[in-house]
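Only one structure is covered here, and it is reproduced in the block below.
The values are calculated or read from the model by the stated rules, or taken from the named source; none is laboratory data. Bear in mind the structure is a predicted one, so any value in this text is a computation, not a measurement. As a convention, Cβ positions derive from the backbone with ideal geometry for all residues, glycine included, and neighbour counts pool all protein chains shown. The protein model used for the area step is the full one, side chains on, heavy atoms only, and it has no ligands, DNA or RNA in it. Shrake-Rupley method; radii C 1.70, N 1.55, O 1.52, S 1.80 Å.
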Amino acid sequence: MSDEIFPIPHVQFRKRGRPSAVWIVPVIAIVAAGALAVRTYLQTGPTIHITFNTADGIEGGKSEVRYKNVPVGKVTSVALTPDRQHIVATVQLTSGGGSLATMGTQFWVERPRIGVGGVSGLGTLLSGAFIGVDVGTSTEKVESFVGLEKPPGVTSDQHGTRFKLTTTDAGSLAPQSPVYVQRQSVGSILAIDLGADGKAVNMEIFVSAPYDHLVTQSTVFWNASGLDVTLDASGLRVNTESLATVVAGGIEFGVRPGAPATPPALENQRFHLFPDLRHAMARPDAASLALEMRFDQPIRGTAAGVNVEFEGIHIGEVVDITPDYDETTQTFHFDAHASVFPERLGPAYTKLAAAGARNGLTGPQTLQALVDRGLRAQIKSSNILTGAYYIDLAWFPNAKPAHVIAKEGVWVVPTERGGSEQMQERVASILSKIDRIPFEEIGGDVHDATRAASSLLGHFDSAVVPAMQGVFARADTAMSALHDSLAALRDNIAAPDSAIQQATRATLEQVERAAFSLRTLADYLGHHPESLVRGRASGSEPKGK
Amino acid sequence: MTRGVDLRLAACETCELVVQASDPLVGLCPRCGEPVRSRKHNARTRSWAFLSAAAVLYVPANTLVMMRTEQFPSHREDTILSGIAYLWSEGASSLALLVFTASIVIPLVKIGALGVLLVTTGQHSTWRPHGRTLLYRVLEVAGHWSMLDVFVVALLTAVVQLGRFANVEPGPAVLPFAGVVILTMLASSSFDPRAIWDRGAE
């Protein structure tokens, strides 16, 4: 094979010493992979651990973490804690959700919940439970959280103010129960817990802006749950905040009428929760006055809690009743201790107190002035049906003079017998009168009268009945005679040419003619009613038929 | 045995004209004007470049999400491996094996085998040239099938579009994965199997 046979290719010389352009490919690959890695890294937020009591509804690799329903992370795994008391959900947050992992952030499992207040989380029925987030205010990063078992009543993005309420009876109130003002729902109960002493119930409520400023220093809260049924002179009234409060309960707040304007309440300020509107609106009892009333009569129906009234105004309650024995008179009596709030009388009390102070009188002396005019305490029945009693401070101008005794801060008010005992005495006197009625004598008289009537009837049988038989026989004879004469009369009338028949016919013809004339007259009057006044017009003869 | 290069001859791949070859021969065929080369141009460099790019992209292709499945009410995000595990746990073991072979084994084997070929030829190794040639053949044939995962995702994305109820979306791993497959094919096609014999025959 010679070199001449084969042609020589056109040689192209390449520049050497330069790296081949193909290396751009791995460079691009590295850049692309790096970009992907960086992007993935940037999209991945911190990993956090949340402790829950139960993993109900949470699934590793599936359940999402949502803030305002925006996915901000995913549960990667669920594991038991070493002590097997709780579960720990490991959550991979996204980069956007990374800022949520701060101190104070709350996590809870959103599940479908059905309560009296409403239905929530219905969407999770289909999508499965997810972990809800409410972000805290702190910026301190935390990796471990303790999850809530229930969604918080209020999330941090809701503006408003929290207050604390204390009461002795929470009734049917429960977390999520609404808070009303003017019957409008403006908030809810966040939490209810029993105080450590087991007596008071503490509540935390949330009033959303802008209504939170309605809560002032003088605001009163009351339990608006259930039905308020009132039966009075205007009839039966059923009062309720809303149908929901009947079932779920609720709290209403407001201001007592005439209360001065006060600055808004502070966050977490503590208020008392009154059992109902009436208690809440009652005037605040500034100072109570301890009264003692000694009754020397049975005090049945009167017990602690019985009202003390003055002129129909409820001014206090009986605190307790102690039986006592007086050795000198060898009688029993009962001391009713009452707590009275004279300020409930309003201006009446202030003026009385002012007048007393002006005259240099002490409290008992002022009361003595009233007692001198006949003020006495008396037990009265307020309701005959239920047998309820109350203590009335009433006027007895003719009562025997008595004195107010002041001992150890307790004022002893003189009493007047009455009320239950008076009524019992009256009933007893009525019974004794009934007792005196001579029922036996009355019975004997009735017996005699019956016997007389019986003998009268026997006499009637023996004397009257035989005489009556003769009377009946004669009446029979008279009736047959009457029958004969009637038959003769019938024959006379029924004959065709009898005089009665002819006379009757003639009379009927005349009646017919008279009726015809009457009809003609009626026609004429129908056409000319004026003739009744003006007389008959000439030439207008009434036309007969 | 004598090679074409040893006789300083080369054949035009287009018109079969035998020309004189300088070493390394780079020139244009005097008859048809096409490039005439006794060896593939820049074969080792290009092969290495494509192979290293494929190896780099292999990492995101396997760590990133391949497919997002919205199957009401659940939502899944699968990488290649987690998808295989899911198929396996759902009882579709044969399908899982198929996907595992096509998407994990073949690209890995391709990268590894090409690396072996490139290293041995670079060292002018005389180790089992027949076996290495066979390996190269297998690489060329089997490499075509490793796009399976991309095809699956592309098909599902096109077919399963039922809004909220069922939806399949490709994840960010699709492009790196396709890149791995294409780059390994480019790398294997850039490789010149004659390099296996350049020293092995002597």
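Projecting the Cα atoms of A:303, A:24, A:361 onto the charge dipole of chain A (Cβ charges, centred on the Cα centre) puts A:24 farthest toward the positive pole.
A Stokes-Einstein calculation at 4 °C with viscosity 1.567 mPa s, built on the Kirkwood radius of the stretch A:296-350 over Cα pairs, returns a diffusion coefficient of 102 µm²/s. Rounded to whole numbers, the Karplus 3J(HN,Hα) couplings from phi for the stretch A:26-37 are x, 4, 4, 4, 5, 4, 5, 5, x, 4, 5, 5 Hz, using 6.51 cos²θ - 1.76 cosθ + 1.60 with θ = phi - 60°, and x at Gly and Pro. Compared with the dominant principal axis of the Cα atoms in chain A, helix A:499-527 is inclined by about 50°.
For the stretch B:46-202, the share of accessible area belonging to carbon and sulfur comes to 70 percent (1.4 Å probe, ligands and nucleic acids excluded). Of the listed residues A:509, B:90, A:149, A:252, the order by accessible area with a 1.4 Å probe, largest first, is B:90, A:509, A:149, A:252. Inter-label distance, residue B:93 to residue A:435: 10.6 nm, where each label sits 7 Å from its Cα along the C-beta direction. Across the stretch B:167-182, rounded Karplus estimates of 3J(HN,Hα) from the backbone phi angles (6.51 cos²θ - 1.76 cosθ + 1.60, θ = phi - 60°) give 8, 10, 10, x, x, x, 7, 5, 5, x, 5, 4, x, 4, 5, 5 Hz, Gly and Pro being marked x. Any idea what log10 I(q)/I(0) is at q = 0.11, 0.13, 0.17, 0.20 Å⁻¹ for the stretch B:42-196, Debye with uniform C-alpha scatterers and no solvent? At q = 0.11, 0.13, 0.17, 0.20 Å⁻¹ the computed log10 ratios are -0.48, -0.63, -0.92, -1.15. Annotation for residue A:527 and residue A:182: the two label points, set 7 Å from Cα along the Cα-Cβ direction, are 8.3 nm apart. Over all other residues within a Cβ to Cβ distance under 11 Å of residue B:153, the charged ones net out to -2, with Lys and Arg as +1 and Asp and Glu as -1. Which of the lysines could a cross-linker bridge to residue A:164, judged by Cα under 25 Å and excluding same-chain residues fewer than eight apart? Answer for residue A:164, where 25 Å is the Cα cut-off: A:150, A:199, listed by chain and number. For chain A, what does the helix formula give at 222 nm: sum of -39500 (n - 2.57) over DSSP H segments with n ≥ 4, over the residue count, nearest 500 deg cm²/dmol? Using -39500 (n - 2.57) per qualifying helix, the result is -9500 deg cm²/dmol.
A cut-off of 5 Å between modelled amide H atoms, ignoring neighbours fewer than 5 places along the same chain, links residue B:192 with no other residue. Less than 5 angstrom separates the built amide H of residue A:405 from those of A:412, all sequence-distant by 5 or more or on a different chain. Between residue A:30 and residue B:6, the FRET efficiency estimated from the beta carbon spacing at R0 = 45 angstrom works out to 0.65. Here each label is just a point 7 Å from Cα along the line to Cβ, and for residue A:256 and residue A:481 those points are 10.6 nm apart. In summary, the convex hull built on the alpha carbon positions of the stretch A:11-160 has an orientation-averaged projected area of 16.1 nm². Considering only the Cα atoms of the protein assembly as shown, their convex hull presents on average a projected area of 104.5 nm².
In sequence order, the stretch A:366-375 has phi-based couplings of 4, 5, 4, 4, 5, 5, 4, 7, x, 6 Hz under the Karplus curve 6.51 cos²θ - 1.76 cosθ + 1.60, θ = phi - 60°, and Gly or Pro positions carry x.
Could you look at the stretch A:56-164 and say what percent of its accessible area is carbon and sulfur, using a 1.4 Å probe and all protein chains? The nonpolar share, carbon plus sulfur, comes to 56 percent. Taking the protein heavy atoms of the stretch A:398-529 in the context of the full set of protein chains, the accessible area attributed to carbon and sulfur is 64 percent at 1.4 Å.
For residue A:433, the lysines whose Cα comes closer than 26 Å to its Cα, not counting residues fewer than 8 places off in the same chain, are A:380.
Among the residues of A:33-44, the average count of other protein chain beta-carbon atoms within 10 Å of the residue beta-carbon is 3.
Summing charges over all other residues whose Cβ lies under 14 Å from the Cβ of residue A:499, with Lys and Arg as +1 and Asp and Glu as -1, gives -1.
Averaged per residue, the protein assembly as shown has 61 square angstrom of accessible surface, using a 1.4 angstrom probe with ligands and nucleic acids left out.
Ranked by the mean number of other Cβ atoms within 10 Å per residue, highest first, peptides A:75-84, B:182-191 order as B:182-191, A:75-84.
Taking amide H as placed 1.01 Å from N in the peptide plane, residue B:9 has its amide H under 5 Å from the amide H of B:21, each at least 5 places away in sequence or on another chain. Provide the buried accessible surface between chains B and A in square angstrom, both chains summed, 1.4 Å probe, rounded to the nearest 100. Adding both sides of the contact gives about 2400 Å². For the stretch B:42-196, the Cβ-based charge dipole about the Cα centre amounts to some 620 debye (Lys, Arg positive; Asp, Glu negative; other atoms uncharged). Per residue of B:27-34, other chain Cβ atoms within 10 Å of the residue Cβ number 3 on average. At an R0 of 45 angstrom, the distance between the Cβ atoms of residue A:320 and residue A:80 translates into a FRET efficiency of 0.20.
Sorting A:451, B:39, A:519 by accessible area puts them as A:451, A:519, B:39; the probe is 1.4 Å, largest comes first, and only protein heavy atoms count. Among residues other than residue A:160 with Cβ under 11 Å from its Cβ, the summed charge is -2 (Lys and Arg +1, Asp and Glu -1).
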